[in-house]
Amino acid sequence: MRHSMAELNALSAGDFVRVIGPVFEGSPWIARQTSGRRPFAGRDDLLAALCDTVRSAPDDKKLALIRAHPDLAGRAAPAGALTAESSGEQAAAGLNGLTPEEAALFRGQNEAYRRKFDFPFVICARLNKKEGILEGFARRLQNSRDQEIRAALEEIFKIAGLRLRDLIVE
């Protein structure tokens, strides 16, 4: 269901969290902490406020947000354990129709990435296809942990922006 900004601004704090919470994977605390900053002038204003909440959060909360994301083309997808949002986003990137060889390549990249950084590889799947995602793995595996935390958060902000665009009528 799509909402106008006026509707979102008028929601109770609990309903705001229910509607906006899924914008950030498994992290309703972001919507909860941002709710009190209403009213928002528009979708971009809301996104900026949500991202500010994440940026000002302690490092352990940022890592928890990153870790809330599933592996791309990982075991959660065939098991039906992805959120509806993640499932659609991975499908849009072509990750739901991988050959066995491609699936093995993604598994290997996910494992290498997790070994190095201790959190999942996050990329805005809706803005990439499987080839671009594989290139992202190769490029970003060269990053330091701090660089990669920043890169993952920037990708999460892109995901949130697209999810808000799906949710809010302007």
Taking the stated definitions as given, is Leu8 modelled with pLDDT of 95 or more, of a type outside the set (D, E, K, R), crowded, with 19+ Cβ neighbours inside 10 Å and more than 28 Å from Arg150 (Cβ to Cβ)?
-> yes
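Scanning for something closer than 13 Å to Leu164 by Cβ, without any contact (Cβ under 8 Å) to a residue 24 or more places away in the chain, outside the structural domain of Ala104 (by TED's automatic domain parsing) and surrounded by 15 or more Cβ atoms within 10 Å (Cβ to Cβ), does region 51-68 turn up at least one residue?
Checked region 51-68: no residue is closer than 13 Å to Leu164 by Cβ, without any contact (Cβ under 8 Å) to a residue 24 or more places away in the chain, outside the structural domain of Ala104 (by TED's automatic domain parsing) and surrounded by 15 or more Cβ atoms within 10 Å (Cβ to Cβ).
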Just give me the residues in region 113-129 being assigned to a helix (DSSP H, G or I), at pLDDT 95 or above and out of contact with any Lys or Arg (no Cβ under 7 Å at 6 or more places or on another chain), in sequence order.
-> Tyr113, Arg114, Arg115, Lys116
Subset of region 123-170 that is aliphatic (A, V, I, L, M) and within 17 Å of Asp60 (Cα to Cα) - its residue that is nearest to the chain's Cα centre (by Cα) | Ile156
Do we find a residue being assigned to a loop (DSSP other than H, G, I, E, B) and outside the structural domain of Phe16 (by TED's automatic domain parsing) anywhere in region 130-141?
-> yes
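The values are calculated or read from the model by the stated rules, or taken from the named source; none is laboratory data. In this text the structure is predicted, and so the values were computed from the model without any measurement. FYI the Cβ positions are ideal-geometry reconstructions off the backbone, even for glycines, and counts take in every protein chain you see.
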